[in-house]
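Read the structure below first, then the notes.
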Amino acid sequence: MGFFSDLGKKTSETTGKIARETKLKMKINENKGKIEDIYEEIGKKVYEKHIREENIDIKTDLAEECSKLDALSKEIEDARLEILKLNQKKLCSKCSAEIEAGAVFCPKCGEKQTAEPTIKEEALEKLENAEIPPEKKEEAEAVKEDLKEEKQENE
């Protein structure tokens, strides 16, 4: 029974990962569409200024659209990085190539990669910085100790 239980759990995890990745890709495509709409709006504004023979002051005339572009671009990049993380990959710190999450060197450019904190290390940091209710303090301390022990074993 353990085999089938493990198989079911693994299948469930994989399905969840695929669903999350699909949602992120849909969000990326949606944001790309919004960016195209903003580009079109910028083009219209620039052309209207040209027709009226007015000067274009990007700071004032296009600031709102540019800030929307910045926000959408950030969302796209965050989603892209999350997809990489789901697939246990990351970007090279030098050439931005997709590489395995645990890679010490980039196979494309040879750059030494900095070690990123593991999920358990991130959890430990969050747990140490969190406000824990008194009734959960003992349980939280036990989890902290387990995470610290695992971290020491891996070093």
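Here are the numbers for the structure shown:
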quantity	calculated
Calculated from backbone phi, Karplus (6.51, -1.76, 1.60) coupling profile of the range 72-79 in Hz, x at Gly/Pro	5, 4, 5, 4, 4, 5, 4, 5
Helix 119-129 axis, angle to the chain major axis (alpha carbon atoms, nearest 10°)	90 degrees
Phi-based couplings in Hz for the range 42-56 (Karplus 6.51, -1.76, 1.60; Gly and Pro marked x)	4, x, 4, 4, 5, 5, 4, 5, 5, 4, 7, 6, 9, 6, 9
Residue 44-residue 83 FRET efficiency (beta carbon distance; Förster radius 30 Å; 0.05 resolution)	0.35
Cα-only radius of gyration and Dmax that characterise the range 6-54, units Å	21.2, 70
The chain, relative contact order in percent, only Cα pairs under 8 angstrom and at least six apart counted	15 percent
Cysteines in the chain lacking a second Cys C-beta under 4.7 Å	66
Debye, to nearest 20: dipole size of the chain, +1 on Lys, Arg Cβ, -1 on Asp, Glu Cβ	680 debye
Calculated FRET value between residue 139 and residue 119, using beta carbons and R₀ = 22 Å, to 0.05	0.70
Per-residue HN-Hα couplings for the range 89-96 [Karplus 6.51, -1.76, 1.60; θ = phi - 60°; Hz; x = Gly/Pro]	10, 8, 9, 4, 5, 9, 9, 6
The chain: mean projected area of Cα convex hull, nm²	15.8 nm²
Compactness of the range 97-138 as Cα Rg over 2.2 N^0.38 Å, two decimals	1.85
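Taken together, the values in this text are just the output of simple stated rules run on the coordinates, not laboratory data. Everything quoted here is computed from the prediction, not taken from an experiment. A quick note on method: Cβ atoms are made from the backbone with ideal geometry, for glycine too, and the neighbour counts reach across all protein chains shown.
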